[in-house]
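Worksheet for the structure shown next.
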Amino acid sequence: MTDREIFKKKIKSNIDKFGYHVTLVTSTTEPRYAYTIGLYQQFHLELVFAGGIFFMKDQVLTIFETIVNELTNNRDVSKVCVHDLGIFSLSKVDKSWSELMLLGVYDFFDINDFNAIQVCPDNNHYTLDIPDLSRKFEPSTESVWKWLKDDWKYPISKDITVVTNLDALKGKAITEVMRWEEDEFEMFAGAGPEVEREDIRVVPLATLLGIDESIHEVLKLKVGKGIWREDRDSLWNDWS
C-alpha cells in the first residue's frame with residue numbers, strides 16, 4: 001500500500017468515526033492552516049482556518065467541532081460562538097484559494113469544484129497571518145501568502161523559523177531581533193524578556209517579512225548578532 005493509499009484510508013476512517021477529517025498544513029514559507037475533508041458529503045462544503053496563529057492546534061480542532069455541531073442545527077449560520085475562544089464568522093472562499101490550499105478535498109472526492117468556507121476569528125483574536133479568502137488570490141497583493149505560488153526570492157534560507165510574540169503578529173512594530181542559530185531568529189515587538197509565555201509563537205520568517213516590510217535589515221544578520229530600534233520609523237542599532 002502506497003503512502004497516498006494509507007493517507008486516504010486514514011481520512012476515510014476519521015470520516016466514518018467523526019463525520020470529517022482535519023488536515024493541518026505547515027510550511028517553511030506559508031502560515032499554518034487547517035481544513036476539513038468529509039463535510040462535503042453532509043453539508044456540501046468544507047471548512048478552512050487559514051493562519052490565526054493566536055490559536056493552538058487543539059483549539060482549532062475545537063473550533064471546527066463547534067462549527068460542525070452548529071451546522072447540523074442551522075446550515076445557514078454565518079457566525080458561531082465558541083466558548084472561551086471567541087466568535088467566528090463564516091464566509092465563502094474564492095476557488096483560486098481552494099485550488100491552492102485544499103488539495104486533499106479535490107483528491108479524496110475526485111471532484112473539480114466544491115464550496116469552501118473560511119473560518120475567521122473576531123477582532124480580539126485576529127492576527128495578520130489571516131488572509132481574506134473571499135477575494136481572488138493575487139500574489140502581488142498577498143505579502144504573507146504569496147509563496148503559495150511565488151518562488152522564494154530572498155538571499156537567505158526559506159526554512160528559517162522565528163520565535164515571536166502576538167503583538168508582532170497583530171501588527172505592532174518589531175523592535176528587537178536576535179539570530180541565535182543559522183535557521184532560528186527571535187523577533188519581538190517590545191522587550192523580549194517581558195513577553196509572557198502564553199504570547200509566544202513560532203512562525204516562518206516569511207510570515208513576518210510579509211507582515212512588516214521594515215524588518216528586511218534582519219536578512220543581513222550573522223549568527224549570534226542582534227539589532228534593535230525604538231519604533232518602526234527609527235533606524236536599527238547593533239546590540240553592543
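The values are calculated or read from the model by the stated rules, or taken from the named source; none is laboratory data. Keep in mind the model is a prediction, meaning the values are calculated, not measured. Ideal geometry is used to build each Cβ from the backbone, glycine not excepted, and the neighbour counts take in all protein chains shown. In case anyone asks, the SASA skips ligands and DNA or RNA and just uses the protein heavy atoms, side chains included. Shrake-Rupley method; radii C 1.70, N 1.55, O 1.52, S 1.80 Å.
Inside segment 199-212, can you point out the residues that are at pLDDT 95 or above and either of a type in the set (D, E, K, R) or not in a helix (DSSP H, G or I) (or both)? So that I can check it myself, show each step before the final result.
So in segment 199-212, the residues at pLDDT 95 or above come out as 199-211.
Within segment 199-212, 199, 200, 201, 202, 203, 204 qualify.
Taking only pairs six or more apart or across chains, which ones have beta-carbon atoms under 6 Å, a first residue in segment 1-23 that is aromatic (Phe, Trp, Tyr), and a second residue that is outside any helix (DSSP H, G or I)?
Matching pairs, first to second residue: 20/36; 20/38.
When you look at residue 122, is it touching a Phe, Trp or Tyr at 6+ places or on another chain (Cβ under 9 Å), closer than 22 Å to residue 56 by Cβ and exposed (fewer than 15 other Cβ atoms within 10 Å of the Cβ), yes or no? Step through it out loud before you land on a result.
On the way: touching a Phe, Trp or Tyr at 6+ places or on another chain (Cβ under 9 Å): yes; closer than 22 Å to residue 56 by Cβ: yes; exposed (fewer than 15 other Cβ atoms within 10 Å of the Cβ): yes.
Here the answer is yes, as residue 122 does meet what is asked.
Just give me the residues in segment 41-94 being of a type outside the set (S, T, N, Q), within 21 Å of residue 115 (Cβ to Cβ) and either open to solvent by 80 Å² or more (accessible area, probe 1.4 Å) or part of a loop (DSSP other than H, G, I, E, B) (or both), in sequence order. Can you show your working first?
Step one: filter segment 41-94 for residues of a type outside the set (S, T, N, Q), giving 43-58, 60-61, 63-65, 67-68, 70-71, 75-77, 79-88, 90, 92-94.
Imposing the further condition that a residue be within 21 Å of residue 115 (Cβ to Cβ) reduces the set to 43-52, 60, 63-65, 67-68, 70-71, 75-77, 79-80, 88, 90, 92-94.
44, 51, 52, 65, 75, 76, 77, 79, 92, 93, 94, listed by residue number.
If residue 100 meets every condition in (1) touching a strand residue (DSSP E or B) at 6+ places or on another chain (Cβ under 9 Å); (2) among the aliphatic types (A, V, I, L, M); (3) closer than 20 Å to residue 33 by Cβ apart from one, which number is that one?
With respect to (1) touching a strand residue (DSSP E or B) at 6+ places or on another chain (Cβ under 9 Å); (2) among the aliphatic types (A, V, I, L, M); (3) closer than 20 Å to residue 33 by Cβ, residue 100 is out only on (1).
Considering only segment 95-124, how many residues are part of a helix (DSSP H, G or I) and among the charged types (D, E, K, R)? I'd like the intermediate steps shown before the answer.
Our first condition is that a residue be part of a helix (DSSP H, G or I); within segment 95-124, this holds for 95-101, 103-109, 123-124.
From what's left, among the charged types (D, E, K, R): 95, 99, 107.
Qualifying residue count, segment 95-124: 3.
Looking at 215, 227, can you tell me which residue is part of a helix (DSSP H, G or I) and not hydroxyl-bearing (Ser, Thr, Tyr)?
Numbers: 227 fails: part of a helix (DSSP H, G or I).
So the residue among 215, 227 that is part of a helix (DSSP H, G or I) and not hydroxyl-bearing (Ser, Thr, Tyr) is 215.
Here are some residues: 179, 201, 229. Which one is in contact with a Leu (Cβ under 6 Å, 6 or more places away or on another chain) and in contact (Cβ under 8 Å) with a residue 40 or more places away in the chain?
Values: 201 fails: in contact with a Leu (Cβ under 6 Å, 6 or more places away or on another chain); 229 fails: in contact with a Leu (Cβ under 6 Å, 6 or more places away or on another chain).
From the options 179, 201, 229, the qualifying one is 179.
Give segment 165-195 a look and list any residue that's open to solvent by 70 Å² or more (accessible area, probe 1.4 Å), in a helix (DSSP H, G or I) and either charged (D, E, K, R) or closer than 18 Å to residue 130 by Cβ (or both), or say none.
Residue satisfying the conditions is 194 alone.
Which of the numbered conditions does residue 32 fail, given that it passes all the others? Conditions: (1) of a type outside the set (Val, Ile, Thr); (2) at pLDDT below 95; (3) surrounded by 15 or more Cβ atoms within 10 Å (Cβ to Cβ).
If we test residue 32 against (1) of a type outside the set (Val, Ile, Thr); (2) at pLDDT below 95; (3) surrounded by 15 or more Cβ atoms within 10 Å (Cβ to Cβ), just (2) comes out false.
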